[in-house]
Amino acid sequence: MLENIRLSFQGIWSHKMRSFLTMLGIIIGIASIISIVSTIKGTNEEIKNNLVGSGNNTVDVVLYQSGYEYTIYSATDIPYGIREVSDEVCDKILALDSVENVTRYNTRQNSDGVFYQNTALSSVEVQGIDTSYFETVGYTIRTGRNFIDDDYKKFRKVLIIDSTAKSTLFPNDNAIGKTIEINKVPFTIIGVVEKVNKFTPTISNVEDYYSYANESSGILFMPKASWPIVYCYDEPENVIVKATSVDEMEDAGRKTADILNKTISSAQTEVKYKADDVLERAQKLQDLSSSTNNQLIWIASISLLVGGIGVMNIMLVSVTERTSEIGLKKAIGAPKGTILGQFLTEAAVLTSIGGIIGVAAGIGMAQVINKVSGVAVSISVPASVIAVVFSMLIGIIFGLLPSVKASNLDPIEALRRE
């Protein structure tokens with residue numbers, strides 16, 4: 001085998017230009033596939049990172065109706081048969097093996113009736129939160145103070161705003177002590193929070209913008225006990241659970257939704273709790289991305305077929321050129337297997353070299369794609385190894401016919417040829 005490999009390199013080196021042109025189809029095919037696979041892998045990782053975010057493993061469990069998130073605008077929108085989430089229900093959720101923490105909250109998105117001085121703040125979100133919200137979701141106090149027990153017990157009209165709201169409303173001023181009116185009720189800002197692991201999704205095209213861009217001007221947080229002062233009593237709440245790991249997010253969200261749905265009146269059949277499964281959304285986007293790129297892989301594979309035909313052609317030429325050599329070897333006793341192995345090895349070495357060069361070129365192409373278009377790429381080591389092995393198989397398969405032809409030559413006829 002080692003002797004056959006040595007002879008193969010010797011033959012390739014003696015016909016450098018011809019060997020390179022033969023390998024070119026393999027190189028182009030492998031390079032195209034590696035660059036496409038790297039783009040698929042990088043895009044899929046970017047999608048997952050964008051949706052899962054900073055890795056705090058939180059899952060929203062919210063009310064849905066007919067496949068859409070249920071939105072409450074006023075007291076007339078409160079669905080019947082759905083209670084507030086009690087402490088006992090929270091304890092059941094917290095007892096789940098896949099849940100690390102749990103919090104409940106009320107919300108108004110793009111809320112009307114929110115003003116700072118004479119400016120309407122219609123694009124802000126207002127939330128009424130419990131004492132575990134910031135810890136669960138991953139916020140930390142940047143300036144000012146957190147809510148304390150007396151804020152809940154005495155129904156204080158106080159707010160904590162996030163860093164986005166601070167930048168939007170008070171870009172150059174201290175927000176602490178400022179007053180914001182919510183439905184004509186003044187609330188005093190006592191603190192500013194920001195995400196511990198603040199995550200910004202990668203926006204590389206228009207589709208990414210509409211998928212990930214946040215058009216909100218920020219969030220205003222108030223104690224949950226103060227929520228009925230400006231909105232509604234007995235308003236149903238949403239829940240956020242923090243899973244023990246990314247892999248447990250689906251299980252934590254599904255089991256939490258099951259627990260919450262058991263608290264809903266049997267007469268209520270339209271509105272139910274459902275987990276916002278970000279991993280499922282990521283998988284759907286990944287599948288959509290992969291299905292498009294898989295078509296490109298099949299197209300790129302055509303060049304491998306062309307490269308294989310080129311290998312077969314050049315090996316047939318090689319057999320013709322070396323007919324007398326083959327005849328001499330057979331005349332001195334070389335068996336068919338030796339001749340067959342020599343030509344198969346030469347074909348396999350030729351395509352393997354092409355595969356290795358193709359992998360290197362594919363990695364280079366992927367990096368160029370990343371630099372030029374900003375598309376995320378991630379090099380797949382298994383794909384690179386498979387590509388080289390596959391190129392070797394192409395050499396064996398397409399080199400089989402010429403090798404068999406060489407091994408079947410009649411030594412006397414072969415020696416007679418010039």
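The values are calculated or read from the model by the stated rules, or taken from the named source; none is laboratory data. Bear in mind that the values here come from a model prediction, so they are computed numbers and not experimental data. Positions of Cβ are generated from backbone atoms using ideal geometry, with glycine treated the same way; all protein chains shown enter the neighbour counts. Remember, those area values only see protein heavy atoms, side chains included, never the ligands or the DNA or RNA. Shrake-Rupley method; radii C 1.70, N 1.55, O 1.52, S 1.80 Å.
Summary table
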quantity	calculated
Residue list for segment 304-323, filter: open to solvent by 50 Å² or more (accessible area, probe 1.4 Å) and modelled with pLDDT under 70	THR320, GLU321
Condition broken by GLN127, with the remaining ones in (1) free of Cβ contacts under 8 Å to residues at least 40 places away in the same chain; (2) surrounded by 15 or more Cβ atoms within 10 Å (Cβ to Cβ); (3) assigned to a strand (DSSP E or B) satisfied	(1)
Selected residue [outside any helix (DSSP H, G or I), open to solvent by 30 Å² or more (accessible area, probe 1.4 Å) and in contact (Cβ under 8 Å) with a residue 40 or more places away in the chain] from ILE379, ILE363	ILE379
Some residue of segment 117-124 being within 20 Å of PRO228 (Cβ to Cβ) and surrounded by fewer than 18 Cβ atoms within 10 Å (Cβ to Cβ)	no
Hits in segment 239-266 - residues which are more than 11 Å from ASN57 (Cβ to Cβ) and either among the hydroxyl-bearing types (Ser, Thr, Tyr) or without any contact (Cβ under 8 Å) to a residue 12 or more places away in the chain (or both)	THR256, ASP258, LYS262, THR263, SER265, SER266
Residue within segment 4-20 that is of a type in the set (Gly, Ala, Ser), modelled with pLDDT under 80 and within 32 Å of the chain's Cα centre (by Cα) present	no
